[in-house]
Amino acid sequence: MNYYKYIFILNIKLFLSLNVYLGNDTSLIFEERIYDKNIHTVLCHQKDNQLTSPIINLNSEEKLELHFDDFSNELDDYYYTIIHCDSEWKKSDLLQSEYINGFFENRIENYKFSFNTLKKYTHYSLIFPEDLLMPKLSGNYIIQVFRDNNRDNIVFTKKFMILEEKVNIIPNIKRATLIEDRNSKQEVDFTISHENLYISNPYSDIKVIVKQNNRDDNSIKSLKPLFIKEDLLIYDYQDENVFYANNEFRYFDIQSIRYLSERIKDIKFSSSDSAYTANIDTSYFEVELYTDISRSFNEYITISDLNGDYLINKQEAWDSDIEGEYVNIKFSLLENRITYGDIYIVGKFTNWILSEENKLKFNNKNRRYELSMLLKQGYYNYLYVVKDNNSNKINTSFIEGSHYECRNEYYIYVYYKDIMNNYDQLIGYIKTSSKSLF
């Protein structure tokens, strides 16, 4: 075979193989997901602040932190890469060389072993972007972590975003306009000012996504400008942009397991003969929460919460990353058995995903729903949702109720795709709240 022909064929094969294991399937929607049962407590946030979203400005000095715990008994070799996505979290039609400066993958070198904990684990961390692997375009990104430099051996995926701010967003959060929604919903109106950016067709070039408490499962994605005025795009609807306000989040505090905090009914030191021992070492702590009840017909009560977020922290520790204990949390909900669907616990700590790990089981003997979850010490927010197994619709208000006064955070993301750039640029972002309105 001719030498140059051989090199050409070899390069084609290499290109095709790269696109296969990078997930070059435009139908694939990336989610935040853990694929290895030994991986726990995956966090991604702005540097030095757990309670922030993983979003930073393009070409800035801002950094993100990635943290995770590994329960395996051996020290593993972890690598990571990043994948550029469109506004729907599908892989962009870009090569990695088009959105990465430097290497396409890099090793995670920072790790520490747990200290003075019953559950032994290795804590890994990464500060990124790094000089050797730097995103050079704005938009949505997935960070993929894989073992032994083998991209087929993915252990988890996590989302982050790079912002290149080109527009200004003016939000207006208010009580729903329509009479039938006024007691239970909140309306998100906003205006996009783009005086420094020419947009030829706002209806096709601009994509807006609105999220309540940064949840993906009930986000609004189909809004188009209702009015266009000079350099302003006005989104002032009455029905298409409303959210159920829901209720303040339930919470529990396990930053210390030396005493019973407000929501803690009992703390036990147990051995492995208990029924709740999945993935737990021979000895462990078991925390039983007070039984929850439905709030669907209760009056609204103001409660300070984290709007679904959670904070990893051990009160008595110097370093909660490695001194935080893993505790078996026992949830229970007093509720009649639902025949048409299932009940789940959701919050940021579940990635707002409904899975077997956060689905409650009905206990016929106790006549209540129960669930046991292994969680690292900290402060947690959560809600109960019902999934209708026939329609797949998720209902939060069935158990939690919905009150227009509820304090929620709203996130507005603005994406731009023009004919010159074949990808969704993230050109606008704002986080706002409803709490100042009531």
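To the nearest Å, what is the center-to-center distance of the range 161-189 and the range 101-136, using C-alpha atoms only?
Centre-to-centre (Cα) distance: 37 Å.
Using the Cα centre as the reference, give the magnitude of the dipole from point charges on the C-beta atoms of the chain (Lys, Arg: +1; Asp, Glu: -1; all else neutral), rounded to the nearest 20 debye.
840 debye
Provide 216, 424 ordered by accessible surface of protein heavy atoms (probe 1.4 Å), highest first. Present the calculation step by step, with values, prior to reporting the outcome.
Values: 216 65, 424 20 Å².
The ordering from most to least exposed comes out as 216, 424.
Just from its helices, what would the mean residue ellipticity at 222 nm be for the chain, if runs of 4 or more DSSP H residues each count -39500 (n - 2.57) and the sum is divided by every residue, rounded to the nearest 500 deg cm²/dmol? Don't jump to the answer; show the numbers that get you there.
Details: 5 runs with 35 residues, N = 438.
That comes out to -2000 deg cm²/dmol.
Quick check: Cα centre of the range 202-224 to Cα centre of the range 399-427, how many Å?
Their Cα centres are 5 Å away from one another.
I need the fraction of alpha carbon pairs in the range 328-394 separated by more than 13 Å, rounded to a whole percent.
64 percent
Test of the criteria: in the range 33-69, which GluC sites (Glu not before Pro) are in a DSSP loop and have at most 13 other Cβ atoms within 10 angstrom of their Cβ? Please list the in-between numbers first.
Values: sites: 61, 62, 65; in loops: 61, 62.
Loop-located and lightly packed - 61.
Considering every pair of different Cα atoms, what Kirkwood radius, in Å, is found for the range 276-345?
Working: mean 1/r = 0.0628 Å⁻¹.
Answer for the range 276-345: a Kirkwood hydrodynamic radius of 15.9 Å.
Obtain the nm distance between the two label points defined at residue 75 and residue 363 by a simple spin-label model: each point lies 7 Å from its Cα along the Cα-to-C-beta direction.
With each label point 7 Å from Cα toward Cβ, the separation is 4.3 nm.
I'm checking a number: the convex hull volume of the Cα atoms of the range 144-266, normalised per residue, in Å³. What is it?
Working: hull volume 27.2 nm³, N = 123.
Hull volume normalised by residue count: 221 Å³.
Loop-only trypsin sites (Lys or Arg not before Pro) in the range 372-433, please: DSSP not H, G, I, E or B, and at most 11 other Cβ atoms within 10 Å. Write down the numbers at each step before the final one.
Values: sites: 376, 387, 393, 407, 417, 431; in loops: 393, 407, 417.
Answer by residue number: 393.
Order the following by accessible area, largest value first: 259, 410. Probe radius 1.4 Å; ligands, DNA and RNA are ignored.
Details: 259 110, 410 0 Å².
Putting 259, 410 in descending order of accessible area: 259, 410.
Output needed: percent of Cα pairs per 5 Å distance bin for the range 96-151, bins running from 0 to the one holding the longest distance.
Going from the shortest bin to the longest, the percentages are 4, 14, 22, 22, 14, 10, 7, 5, 2, 0.
Round to a whole angstrom and tell me the spacing of the C-alpha centers of the range 348-373 and the range 312-345.
Between the Cα centres of the range 348-373 and the range 312-345 lies a distance of 10 Å.
Heavy atoms only, 1.4 Å probe, whole protein assembly: order 81, 191 by accessible area, highest first.
191, 81
So if the hydrodynamic radius of the chain is defined as the Kirkwood radius over C-alpha pairs, what does Stokes-Einstein give as its diffusion coefficient at 4 °C and 1.567 mPa s, in µm² per second? Mind showing how you got there, number by number?
Numbers: Rh = 23.8 Å.
Diffusion coefficient, whole number: 54 µm²/s.
Output the Cα-based Rg and Dmax of the range 316-438 in Å, rounding Rg to one decimal and Dmax to a whole number.
Over the range 316-438's Cα set, Rg and Dmax evaluate to 19.5, 64 Å.
The values are calculated or read from the model by the stated rules, or taken from the named source; none is laboratory data. Note that the structure is predicted; figures quoted are calculated from it, not measured. So basically every Cβ, Gly included, is an ideal-geometry build from the backbone, and we count neighbours across all protein chains shown. All accessible areas refer to the heavy atoms of the entire protein, side chains included, with ligands and DNA or RNA removed. Shrake-Rupley method; radii C 1.70, N 1.55, O 1.52, S 1.80 Å.
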